[in-house]
Structures are given as C-alpha cells and as structure tokens.
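Right, one structure below, let's go through it.
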Amino acid sequence: MNAPLSINAAPPRPVLVETAASRPPAAAAQPAPAPATAKQTVVPLPAPQRYRPSRAVAIAYDVAAAVVPPLVVLALMLLVWQLATSGPDATLPSPLKIWADSSDLITQPFFVNGPQDIGLGWRVLTSLERVAYGFGLAAIAGIVLGAFVGQSVWAMRGLDPIFQVLRTVPPLAWLPISLAAFRDSGPSAVFVIFITAVWPVIINTAVGIRNIPQDYRNVAEVLRLNPIEYFWRIMIPSAAPYIFTGLRIGIGLSWLAIVAAEMLTGGVGIGFFIWDAWNSSRLSDIVVALIYIGVVGFVLDRLVALVGRIATRGTASA
Amino acid sequence: MSKPIAPQTSHPSGKPFLRLEAVCKTFRRGGSETEVLRDISLDIAEREFVSIIGHSGCGKSTMLNLVAGLTQVTTGAVLLENREVNEPGPERAVVFQNHSLLPWLTVYDNVRIAVDKVFGRTKSRAERDAWTLHNLDLVQMTHAKDKRPSEISGGMKQRVGIARALAMEPKVLLMDEPFGALDALTRAHLQETVMQIHARLGNTVIMITHDVDEAVLLSDRIVMMTNGPSARVGEVLDVPLTRPRNRLELVADAEYIRAREAVLKFLYERHRYVEAA
C-alpha cells in the first residue's frame, strides 16, 4: 500500500493522516473520527460509495459464470441433434429416443442383473482398473527411462531415435503381438495401455531432466550428492512440471487405448460394451457409453493435473 | 564450533594454505581452442580474505570454478593444504552469483540439505537442526525459515546462500560475485554481514567481484586480472587497513583512497576493457 496521502495537511509538524482509500471497507459507511494529531489540519472526506457485493453473491456469480455457458451450449446442441434426427428415415437415435431406450443405463450406473447385464459404472471401473495397472507401470518405467535418457548424452543418442519411431505406432497395432506374447486378453490390454502411455512420459521426463539448470547441478556437485540423492532431491523436483505434463498426456492416451483394446479382447470393460451393443444394434446404448467415456476421461485428466499442481508447488513459480 | 577470533593484522602469516601453481585453462569446443587463463600462480594464507577483480570475460569465474573443482585445470595444479583439488567438495563451499537455492525446498531445508550431507554421520539429528538454525541466525534469516525462495527478496536469498555455504564449515569459502545482482543498499548491508562473519569465524575467503569499493572494503589482498583471453594475474595489491572496518570512516582514510586509486588505475588506465569486435 502506498504511503498515506495527505492533501490538506499544513507543513509545520508531521501529521499521520488516514485517508479514505486506506480505510477498511467495513468502516467506510460512517465517517471515521479523524486521528487526534490531525484534528485541525485534515478534513475527513466521505468514502466513495461503491456497491460491494457480499462474499456469497460473488461466489455464486463466479460459479454461474463457469456453469451457465456450457449448459446453454449443451441445450442448444441437444436441440439441434433432436431436430436433425427426428425425421422418419434418420439413421441415428435422437436424444429423446436414447432416453426412452436407455434411461436405466443413465440413471442406474451400478445395477447387476447377470454376468453380462451390469451397469456402466461397473464396466468403467473394470476398465479403470486395467488403466491403473498399465498407466502405473508406464509412469514408473517412463520416469526411470526418461531420467536415464535425459542425463546421459549417449543414452539419448542411442535410444531417442528408437523411441521416436516406436511412439508413432498406434495402440492397436501392438495388440496382436501382445496377445501372442501373453496368450491372455487381460495382460494384453494392460500391455497395450502401457506401451501407449509410456512414450510421452519418457520424452517429457527426458526434456525436464535435460533442462535442469546448471546451478542446481553445481549445488549437487559441491554437496557431493550421490546418484540416488541426486535423483530424489534434484532431478525429480526440478523436472516435476515436465513429468506431470507427460503423465497428463499419458493418461489421456491410456484412456484412448483401453476402449480400442477392449473392443478386441472382450471381457466386461466399457470398450467391449460398445462393441457388444453395436453387434446387437443398440445404438442408444453406444451413445450413453460414449458420454460415460468422455466424462471419465475428463475427470482423469483433471485428476492428474490436480496432483501435478499440488506436487509442483513452489517449483513452477521460481 | 569455536574458532579463535581472526587476527587483526591484514597479513595473516603462515604456510600457504591454498596454492595455485602455474594454472592454465583452455576450453576446447569443436576444433577451436580458447585459452582463458595463462600461468596463474597465487598463494593464499589461512583466514585471508582475497578478492579477484577484473573486467568481464577475464576468466574470474573460471578461476573460482577451478578452485571449487567444478572445472579441471588444463595444466598446473590447485592445492589445498598440499592436496590436489580435482573435484568439488563441501570443504570448498561456493556462494553462487544467482543464489542457486532449490525452489522446492524451504529456506530451512535449503540449509539443512547441506548440513545433512556434510554432518550426516558425525552429528545427531538434534545437533544438525541446531546447527542449521545457528547458521540461519548468522545471516539473520531465522524469521523466514519456513518460507520458500520465491517468497523472499533477492538479498534474503543471497543470505540463505551464504548460510548454506557456511553451514558446510568449509576450509575455503568461494563467492562468485555474491552481491552482483543486488541493489546498492542491500549490497552494503550484506557486505557488513560478511565482514562480521569473517571477523567471527575467520574463514578463508575468495571473492570474485567487479566492484572496486567492495574489493577494497572487504579484502586483505586484491588480485587484479588482465583482460582475457589468456588472462594473467596483473598485480596483487595489499590492503593494510585495520579491522573492523567502517565504511563511513574509510571514505576519508588515506590508505583506503590510495588502494582504491591503485585498483581504478589498473582497471581503467593500464588494462582498459576493450570491446570485442
């Protein structure tokens, strides 16, 4: 805050003046008594009357500003969709038809009526379990490999071109090899997720490690940190923003890969559900499943971003 | 730690403590070679405060890095207590120009990491905690021990950098333009702190600087470097001012004025900075 500004103060002795601007808003309504030292020299001015919304109103306004626009767009989209698919020869179901066909899937995510007749919530959880294994392995392997590639020039020269080629292979192209190797659909799906998610983690970690400032390296050298201490105390915290960027891309790719992999390997995942619904012409169910997948993917992305924000506190701002 | 008070004489006598013997440093990049330092020889006594001054690009920082062990000599040798220096170590602590605090650690943890590393085997947990706080107290930073580097000012960061270096109980304290990035008032304040600490602990200090007043105020000797490439030690000036020194009293001191003039003449008459074409 600036030094108090006195307009009418006469110079003979220093006068500490509290101006309207420096007064807390609560006291602004009634004119505050002027400080004793400034009795004759300062005329207290009325504080400018400005509308200040209360805290609750301000929060409500912020929430509305974030929520209302997407809701309006969503309503418009549903309207257009309804109009476009309500003709007699429409090939896709309209929103109202989807509600009529599949409201049980939407309103009850966790029902169990039989081995293959279960709520979409259960299916999503099954898929998430596979993603957890595959992505967890990818995160660990990716960070370790990325650290290796990032801090060794020769490892980078040797491995980077190979990584760059392998990372462009689409997830599904790994599936036959993986099925041949594991001879079981469960591990194969996990492997496909792993191999899809691991590349961005490796590459981002390597870039993060390569960008560790020379200053931190010098500090580590003067302190004589051993490689393990260096890894935990310098490398990981310093590269954390890059690592979390890689993890965030990786979790997105995992979720892309799981659906594709499950379409082919079967089981009870959300991917297989879509394939099954297509084979029995339940188009409405597919649309509901798509929405589930989208929402879960969004939540996963935000979750990793949130963990990243907490973990890199302090690092990013310095 | 209870070292005796540093001697008041400006010429601490005794055997050479730190010795640079005919040190040359050549950097190779691709096919080209650049000779940065040529034939540097220098003896530094224990508890001496030596400044190295010269125009930018004269290899001052390279010289400090050689003593720190962060870079290796091409020919010649750096000897500390008759042992050759060829890798970094906590007995030659460095205060870096841009503080180099780790931003993800608090002020306390930035010092503690050094204390844990150096005294992990010899001191108990409680002793290391006390020693960390003691060093933060030396630089008057105990009040901000739980803040992160991004939350404190540049001068405070540099204080923490000094505390971290002191906490290693180094034989030699190396300071690479420690106050270069600070404003004049903060710099003066930190110079006072460094003088007090030097008087109290009697460290051997090598400080790189480009500030003539700072060099004269703090040093027992000033090493003046010729312009690079192939920089050499041009002159070594003794500063026989009694300690403790007071910057206000020194302004009119004949010895201070003479030393200041000698450094200025060296830098701006005989070895004027030539702008690289």
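Side notes on the structure shown:
- Enumeration of residues in region B:95-130 that are more than 7 Å from chain A (Cβ to nearest Cβ) and within 19 Å of the chain's Cα centre (by Cα): B:VAL95, B:GLN97, B:HIS99, B:LEU101, B:VAL111
Results for (1) within 14 Å of another protein chain (Cβ to nearest Cβ); (2) aromatic (Phe, Trp, Tyr); (3) more than 30 Å from A:VAL296 (Cβ to Cβ), shown as yes or no for each residue.
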| residue | (1), (2), (3) |
| --- | --- |
| A:GLY158 | no, no, yes |
| A:PRO161 | no, no, yes |
| A:THR168 | no, no, no |
| A:TRP174 | no, yes, no |
| A:SER178 | no, no, no |
| A:GLN214 | yes, no, yes |
| A:ASN218 | yes, no, yes |
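- For region A:159-185, a tally of residues being surrounded by 13 or more Cβ atoms within 10 Å (Cβ to Cβ) and under 13 Å from A:ALA261 (Cα atoms) returns 8.
- The set of residues in region B:177-209 that are part of a loop (DSSP other than H, G, I, E, B) and within 21 Å of B:PHE17 (Cα to Cα) comprises B:GLY202, B:ASN203.
- Subset of region B:25-78 (residues that are without any contact (Cβ under 8 Å) to a residue 24 or more places away in the chain and in a strand (DSSP E or B)): B:PHE27, B:ARG28, B:ARG29, B:SER32, B:GLU33
- Contacts under 7 angstrom Cβ, first residue in region A:221-235 being more than 8 Å from chain B (Cβ to nearest Cβ) and surrounded by fewer than 18 Cβ atoms within 10 Å (Cβ to Cβ), partner modelled with pLDDT of 90 or more and part of a helix (DSSP H, G or I), 6 or more apart: A:PHE231/A:ALA147
- Scanning region B:147-171 for residues that are small (Gly, Ala, Ser) and buried (at least 17 other Cβ atoms within 10 Å of the Cβ), we see that the one that is farthest from B:ASP129 (Cα to Cα) is B:GLY155.
- Within region B:79-94, residues that are within 12 Å of chain A (Cβ to nearest Cβ) have Cβ atoms under 8 Å from residues that are surrounded by 17 or more Cβ atoms within 10 Å (Cβ to Cβ) and basic (Lys, Arg) in these pairs: B:PRO90/B:LYS117; B:GLU91/B:LYS171; B:ARG92/B:LYS171; B:ALA93/B:ARG164, counting only partners at least 6 apart in sequence or on another chain.
- Restricting attention to region B:66-75 and to residues that are closer than 18 Å to B:GLU33 by Cβ and in contact with a helix residue (DSSP H, G or I) (Cβ under 9 Å, 6 or more places away or on another chain), the residue that is nearest to the other protein chains (Cβ to nearest Cβ) turns out to be B:THR71.
- Taken together, the residues in region B:224-277 that are surrounded by 14 or more Cβ atoms within 10 Å (Cβ to Cβ), among the hydrophobic types (A, V, I, L, M, F, W, C) and within 19 Å of B:MET195 (Cβ to Cβ) amount to 6.
- Restricting A:SER281, A:SER254 to residues that are without any contact (Cβ under 8 Å) to a residue 12 or more places away in the chain and over 30 Å from A:LEU225 (Cβ atoms) narrows the list to A:SER281.
- Given (1) more than 14 Å from every other protein chain (Cβ to nearest Cβ); (2) more than 18 Å from the chain's Cα centre (by Cα); (3) not in a loop (DSSP other than H, G, I, E, B), index of the condition A:VAL268 fails: (3)
- Only one of the listed residues (A:ILE243, A:ILE249) is in contact with a Ser or Thr (Cβ under 9 Å, 6 or more places away or on another chain) and of a type in the set (Val, Ile, Thr). That residue is A:ILE243.
- Single residue of region A:248-259 satisfying the filter (buried (at least 19 other Cβ atoms within 10 Å of the Cβ) and not polar (S, T, N, Q)) that is farthest from A:SER152 (Cα to Cα): A:VAL259
- Flag if A:PRO200 is at pLDDT below 90 and either buried (at least 22 other Cβ atoms within 10 Å of the Cβ) or within 19 Å of A:LEU253 (Cα to Cα) (or both): no
- Residue within region A:239-247 that is under 30 Å from B:ASP176 (Cβ atoms), crowded, with 18+ Cβ neighbours inside 10 Å, within 14 Å of another protein chain (Cβ to nearest Cβ) and among the β-branched types (Val, Ile, Thr) present: no
- One residue stands out among those in region A:132-148 that are in contact (Cβ under 8 Å) with a residue 60 or more places away in the chain and under 16 Å from A:SER238 (Cα atoms): the one that is nearest to the chain's Cα centre (by Cα), which is A:ILE143.
- Some residue of region B:180-196 being among the charged types (D, E, K, R), surrounded by fewer than 19 Cβ atoms within 10 Å (Cβ to Cβ) and closer than 25 Å to B:PRO88 by Cα: no
- For B:LEU166: the one exception among (1) more than 14 Å from chain A (Cβ to nearest Cβ); (2) touching a strand residue (DSSP E or B) at 6+ places or on another chain (Cβ under 8 Å): (1)
- For the residues A:PHE272, A:PHE298, the requirement of being surrounded by fewer than 22 Cβ atoms within 10 Å (Cβ to Cβ), among the aromatic types (Phe, Trp, Tyr) and out of contact with any Pro (no Cβ under 7 Å at 6 or more places or on another chain) singles out A:PHE298.
- Given (1) away from chain A (no Cβ under 14 Å); (2) surrounded by 22 or more Cβ atoms within 10 Å (Cβ to Cβ), number of the condition B:LEU174 does not satisfy: (1)
The values are calculated or read from the model by the stated rules, or taken from the named source; none is laboratory data. Remember, predicted model here, so these are calculated numbers, not experimental data. Virtual Cβ from ideal backbone geometry, glycine too; neighbours counted across all protein chains shown.
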